[in-house]
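S.K.: I'd like to ask some things about the structure below.
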Amino acid sequence: LAWGFIAENLLFAFVPSVGRFAPAHAEDAFIGLTSKHLLPAAAGGAILLAWTIAFAIAATVLAARRDVN
């Protein structure tokens, strides 16, 4: 929760060119919120898909390392 409410908002406030690629602001763009620094809706959806794939791969790798046969 701290990442979504604090870290991403601070990142977006101080470095919007980078912060707009964070999951919360990509979601804002995807649902149609408008701001001069947000991505277009399609790009927001693509960024969310990329975050989902990255987290799924990381979870798969971590689970494979820790799984007991």
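S.K.: State all residues of region 20-69 that are of a type outside the set (A, V, I, L, M) and without any contact (Cβ under 8 Å) to a residue 12 or more places away in the chain; if no residue qualifies, say none.
M.R.: Result: Gly32, Thr34, Ser35, Lys36, Pro40, Thr52, Phe55, Thr60, Arg65, Arg66, Asp67, Asn69.
Conditions (1) among the aromatic types (Phe, Trp, Tyr); (2) touching a Leu at 6+ places or on another chain (Cβ under 9 Å), marked per residue:
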residue: Trp3; (1), (2): yes, no
residue: Val18; (1), (2): no, yes
residue: His25; (1), (2): no, yes
residue: Ile31; (1), (2): no, no
residue: Thr34; (1), (2): no, no
residue: Leu49; (1), (2): no, no
residue: Thr52; (1), (2): no, no
residue: Arg65; (1), (2): no, no
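Laboratory data are not the source of any read-out in this text; all were calculated from the coordinates shown. These figures come from a predicted structure and were not determined experimentally. FYI the Cβ positions are ideal-geometry reconstructions off the backbone, even for glycines, and counts take in every protein chain you see.
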